[in-house]
Amino acid sequence: MGLLTILKKMKQKEKEVRLLMLGLDNAGKTTILKKFNGEDIDTISPTLGFNIKTLEHRGFKLNIWDVGGQKSLRSYWRNYFESTDALIWVVDSADRMRLSDCKKELHSLLVEERLSGATLLVFANKQDLPGSLTAREIREALDLDSIKTHHWLIQDCSAVTGANLLNGMDWVVNDIASRIFTMD
Amino acid sequence: MADWQGNYSVTTTTEDQMSAFTDKLIKREEERQTQLQKRRLEESEQSFKIQDSVRNFLDSFKSERRDLETSLAESKSVESSKLVEHFDILSQRVSKLQRYVSESAMFLPPYELKTAQNLLTSLQAKIQEKREELLPKKRFAFKSSNKKADKRTVVSVGNKSEETAKDSKSEDDLVIELAACKFVGTSNKTLQKNGNEINQKDIALANLTDCVVLLYGAPSAIHMNKLKNCKIFSGPVPGSIFIRDCTNCTFVLACQQLRIHSTTNSHFYIHVTSKAIIEDCNGIKFAPCNWTYDGQDEDYALSGLSKERNNWDSVDDFDWLAADAHSPNWSILDESERVASWNV
């Protein structure tokens with residue numbers, strides 16, 4: 001039994017996964033987290049620092065880390081990379097003026113060694129706004145098709161209405177489960 | 001004699017014992033065999049059960065998948081008014097199927113699991129593709145109606161924002177054309193939009209100089225970029241307002257979140273229900289929002305923004321984390337310097 005197998009077995013027992021939620025400021029990361037957890041979303045202030053929530057979902061214990069996306073905080077993102085099972089990249093689909101920033105930041109994360117095994121979910125958030133770009137347009141703008149190093153999926157969603165948040169989370173959990181937890 | 005008898009009796013007992021022993025052995029062997037057979041039967045039954053449930057899974061997965069593909073293929077013949085519902089049902093069924101797969105993961109061989117998951121992912125992608133093909137985002141339709149709307153405002157404003165917007169498309173930082181609801185690349189104008197044009201929409205303001213922008217209504221979100229010497233007024237925004245690269249401007253805004261970046265020498269008259277933040281800013285002054293217009297209460301009701309809660313003087317500076325000293329980048333606008341009434 002190799003060390004990896006032992007580690008896998010240990011994780012399997014706990015069924016615990018660590019999700020890191022990043023994205024530019026104003027993308028809606030905290031709103032997604034709170035909506036997913038069933039909390040009030042009307043009083044959210046821009047995140048100075050980070051939020052962490054542990055919640056049960058389909059028998060899994062999800063530790064979701066939501067780190068502020070302000071330019072001055074992005075240099076601290078690296079402190080949260082360790083043992084991340086999935087990266088959730090949140091995009092403000094209506095923020096057409098900063099898509100190139102968004103693309104640049106995302107691709108700089110994907111070359112990080114400590115995120116190399118992580119599943120990538122891209123949330124095309126704010127689909128409730130009529131001026132938002134579609135998931136396909138975001139996929140092209142962020143050049144997601146060039147990503148060969150990570151399992152990825154883009155999911156359109158709206159944190160305000162809650163639409164498709166569960167779909168995305170279900171995919172993340174399934175993808176991690178099929179990767180990490182060995183099936184007996 | 002006694003000895004012989006004794007011996008004899010001993011021998012008999014031994015023989016009796018022996019036969020009894022053999023009987024016992026045979027009996028035990030028989031018992032063992034039946035038990036073994038029973039166990040074998042059970043085992044094969046169990047493995048049959050697993051195989052059965054795998055087969056069951058594969059069958060129902062296949063039929064549901066086929067079914068989904070057929071209804072997806074029939075999407076074209078669905079009435080356009082029912083398309084949204086049609087696609088919603090499809091995605092619901094896919095996520096149900098996804099749940100079925102994960103619940104069955106326990107007994108599925110890894111290969112089957114992988115195959116099922118791949119099929120699901122491709123199905124999801126197909127549905128999304130079809131949806132985007134048949135249900136293009138509203139903004140395409142919205143754009144043409146917006147032109148009409150713009151013409152209506154031409155009477156009062158006489159703007160050319162539609163044409164100038166096209167010119168600015170080539171700007172290097174605007175990779176993608178801005179959404180339909182916008183004012184871009186204008187100077188020395190009074191620009192106005194009313195509730196029927198902007199309610200629940202997201203608005204972009206970019207590259208404006210010496211302009212006055214009046215947004216009467218309750219838009220969902222506003223993005224502002226590169227404004228100079230402008231005055232911006234907006235009704236209540238239930239979401240966030242995002243401002244960057246502005247100088248010498250006055251903003252009169254009501255919103256849930258206010259994010260200000262790389263902005264200098266500007267005054268903010270604000271109503272903010274959470275907290276305003278600034279980053280890379282200096283010379284920013286805040287005052288409470290004091291602009292009123294006819295129909296403002298209705299706009300507040302429509303937006304759902306609280307009229308009572310206003311944290312206009314609670315500002316986070318992301319470049320100033322010391323709690324014991326006040327940030328040098330922003331201050332409260334002295335009451336004597338505040339504009340008391342807006343003639344707009």
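Restricting attention to segment A:152-172, which residues are more than 18 Å from B:GLY239 (Cβ to Cβ), β-branched (Val, Ile, Thr) and at the interface with chain B (Cβ under 10 Å from one of its Cβ atoms)?
Passing the criteria: only A:ILE154.
Residue-by-condition table, conditions (1) surrounded by fewer than 21 Cβ atoms within 10 Å (Cβ to Cβ); (2) in contact (Cβ under 8 Å) with a residue 40 or more places away in the chain; (3) under 25 Å from B:LYS201 (Cα atoms):
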residue	(1), (2), (3)
B:GLN257	no, no, yes
B:ILE260	no, no, yes
B:ILE270	no, yes, yes
B:THR273	no, no, yes
B:ASP280	yes, no, no
B:GLY283	yes, yes, no
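Only residues in segment B:102-117 that are closer than 16 Å to B:ASP59 by Cβ count as the first member; pair them with residues that are open to solvent by 70 Å² or more (accessible area, probe 1.4 Å), Cβ under 6 angstrom, at least 6 apart or cross-chain, and list the lot.
B:PHE107/B:ILE50
Exactly one condition in (1) within 12 Å of chain A (Cβ to nearest Cβ); (2) buried (at least 19 other Cβ atoms within 10 Å of the Cβ); (3) closer than 30 Å to A:LEU133 by Cα is not met by B:GLU132; state its number.
B:GLU132 satisfies all of (1) within 12 Å of chain A (Cβ to nearest Cβ); (2) buried (at least 19 other Cβ atoms within 10 Å of the Cβ); (3) closer than 30 Å to A:LEU133 by Cα except (2).
Among the residues of segment A:52-72, which ones are touching a residue at least 12 places away in the same chain (Cβ under 8 Å) and within 14 Å of another protein chain (Cβ to nearest Cβ)?
A:HIS57, A:ARG58, A:GLY59, A:PHE60, A:VAL67, A:GLY68, A:GLY69, A:GLN70, A:LYS71
For A:ASP175, state whether it is farther than 23 Å from A:ASN26 by Cα, within 10 Å of chain B (Cβ to nearest Cβ), open to solvent by less than 30 Å² (accessible area, probe 1.4 Å) and acidic (Asp, Glu).
yes
Residue by residue, here is whether (1) surrounded by fewer than 22 Cβ atoms within 10 Å (Cβ to Cβ); (2) among the hydrophobic types (A, V, I, L, M, F, W, C) holds:
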| position | (1), (2) |
| --- | --- |
| B:VAL212 | yes, yes |
| B:PRO219 | no, no |
| B:LEU227 | no, yes |
| B:PHE233 | yes, yes |
| B:PRO236 | no, no |
| B:PHE242 | no, yes |
| B:THR247 | yes, no |
| B:PHE251 | no, yes |
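Could you give me the residue pairs with C-beta distances under 7 Å whose first residue belongs to segment B:189-206 and is more than 10 Å from every other protein chain (Cβ to nearest Cβ) and among the hydrophobic types (A, V, I, L, M, F, W, C), whose second residue is open to solvent by less than 40 Å² (accessible area, probe 1.4 Å) and not in a strand (DSSP E or B) wherever it lies, and which are 6+ apart or on separate chains?
B:LEU191/B:VAL157; B:LEU191/B:ASN159; B:LEU191/B:SER161; B:LEU191/B:CYS211; B:ILE198/B:CYS181; B:ILE198/B:GLY217; B:ILE198/B:PRO219
Table: residues versus (1) touching a Phe, Trp or Tyr at 6+ places or on another chain (Cβ under 8 Å); (2) more than 19 Å from A:ASP156 (Cα to Cα); (3) open to solvent by less than 10 Å² (accessible area, probe 1.4 Å).
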position: A:LYS61; (1), (2), (3): no, yes, no
position: A:SER75; (1), (2), (3): no, yes, no
position: A:HIS107; (1), (2), (3): no, yes, no
position: A:THR119; (1), (2), (3): yes, no, yes
position: A:ALA124; (1), (2), (3): no, no, yes
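Among the residues of segment A:16-28, is any at pLDDT below 85, surrounded by 13 or more Cβ atoms within 10 Å (Cβ to Cβ) and among the polar types (S, T, N, Q)?
No, segment A:16-28 contains no residue that is at pLDDT below 85, surrounded by 13 or more Cβ atoms within 10 Å (Cβ to Cβ) and among the polar types (S, T, N, Q).
What's the total number of residues in segment B:49-70 that are more than 18 Å from B:GLU103 (Cα to Cα) and surrounded by 11 or more Cβ atoms within 10 Å (Cβ to Cβ)?
Of the residues in segment B:49-70, 3 are more than 18 Å from B:GLU103 (Cα to Cα) and surrounded by 11 or more Cβ atoms within 10 Å (Cβ to Cβ).
In the list B:ALA165, B:ALA116, B:ALA141, B:ALA179, which residue meets the criterion of being crowded, with 17+ Cβ neighbours inside 10 Å, within 13 Å of another protein chain (Cβ to nearest Cβ) and at pLDDT below 50?
Checking each option against the conditions leaves just B:ALA165.
Being within 12 Å of chain A (Cβ to nearest Cβ), touching a Ser or Thr at 6+ places or on another chain (Cβ under 9 Å) and assigned to a loop (DSSP other than H, G, I, E, B), is that true of even one residue in segment B:86-105?
yes
Go through segment A:138-149 and count every residue that is open to solvent by 20 Å² or more (accessible area, probe 1.4 Å), within 14 Å of chain B (Cβ to nearest Cβ) and in contact with a helix residue (DSSP H, G or I) (Cβ under 8 Å, 6 or more places away or on another chain).
Residues that pass the stated criteria total 4.
The values are calculated or read from the model by the stated rules, or taken from the named source; none is laboratory data. All of these numbers come straight from a predicted model, not from anything done at the bench. Positions of Cβ are generated from backbone atoms using ideal geometry, with glycine treated the same way; all protein chains shown enter the neighbour counts. Side chains are part of the model used for accessible areas, which takes the heavy atoms of the whole protein and leaves out ligands, DNA and RNA. Shrake-Rupley method; radii C 1.70, N 1.55, O 1.52, S 1.80 Å.
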